[in-house]
Amino acid sequence: QVQLVESGGGLVQAGGSLRLSCAASGSIFRVLAMGWYRQAPGKQRDLVASITSGGSTNYADSVKGRFTISRDNDKTTVYLQMNSLKAEDTAVYYCNAVRRPFDWGQGTQVTVSS
């Protein structure tokens, strides 16, 4: 089982930036495609960005060009750089494996004020 700990969220004004981090336990991290998900109040949890073990990335249309996902396999950490933030990006952000998610961490709250 892999444990996931997200951090880096906060309150930011529209147009601002945040960098989220997700520390994962376990060497299996290195072979997993990982993703960042978000869940706004009253909505389902959606995948917004993903990265394969080899570094190929994919983004939801809503964040394309503004968010960048990356990973450091030595540190077993995945990052999400979020720029040009909008009010609609407000949500709790989680990381997890893409194909077979592990138990979800507590997430990190991102609040964007307009």
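Which residues make up the longest stretch of the chain that has no trypsin sites (Lys or Arg not before Pro) in a DSSP loop with at most 11 other Cβ atoms within 10 Å? Write down the numbers at each step before the final one.
Values: sites that count: 43, 64, 99.
Looking at the chain, 1-42 is the longest stretch - no exposed trypsin sites (Lys or Arg not before Pro) with at most 11 other Cβ atoms within 10 Å.
So if I place +1 on the C-beta of Lys and Arg and -1 on the C-beta of Asp and Glu, and nothing else carries charge, what would the dipole magnitude of the chain be about its Cα centre? I want it in debye, nearest 20. Each step should come with its number before you reach the end.
Numbers: 12 positive and 8 negative charges, 30 e Å.
Roughly 140 debye for the chain.
Quick one: what Rg and Dmax do you get for the range 1-57 from the alpha carbons, in Å?
Rg, Dmax (Cα atoms, Å): 13.4, 37.
Give me the number: length gained by fully extending residue 14 to residue 27, i.e. 0.36 nm times residue separation minus the C-alpha to C-alpha distance, one decimal in nm.
Once the chain is fully extended between residue 14 and residue 27, it gains 1.0 nm.
How many percent of the accessible area of the chain is carbon or sulfur, using a 1.4 Å probe?
On the way: 2770 of 6090 Å².
Exposed carbon and sulfur together represent 46 percent of the surface.
If you wrap a convex hull around the C-alpha atoms of the chain and split its volume per residue, what is the figure in Å³?
Once divided by residue count, the hull of the chain is 90 Å³.
Take every Cα pair under 8 Å in the chain that's 6+ residues apart, average their separations, divide by the length, and report that relative contact order as a whole percent. Don't skip to the answer; put the middle values down first.
On the way: 275 pairs, mean separation 42.3, N = 114.
The normalised contact order for the chain reaches 37 percent.
May I ask you to list the aspartates and glutamates whose Cα is less than 18 Å away from that of residue 86, ignoring any residue fewer than eight positions away on the same chain?
Hits, sequence-local ones excluded: 46, 61.
Would you calculate the convex hull of the Cα atoms in the range 39-94 and tell me its volume per residue in Å³? Write out the running numbers ahead of the final one.
Numbers: hull volume 4.7 nm³, N = 56.
Residue-normalised Cα hull volume stands at 84 Å³.
The values are calculated or read from the model by the stated rules, or taken from the named source; none is laboratory data. All values reported here derive from a predicted model rather than from experimental measurement. Don't worry about glycine lacking a Cβ; one is built from the backbone with ideal geometry, like all the others, and counts go over all protein chains shown. Protein only, heavy atoms only, side chains kept; ligands, DNA and RNA dropped before computing areas. Shrake-Rupley method; radii C 1.70, N 1.55, O 1.52, S 1.80 Å.
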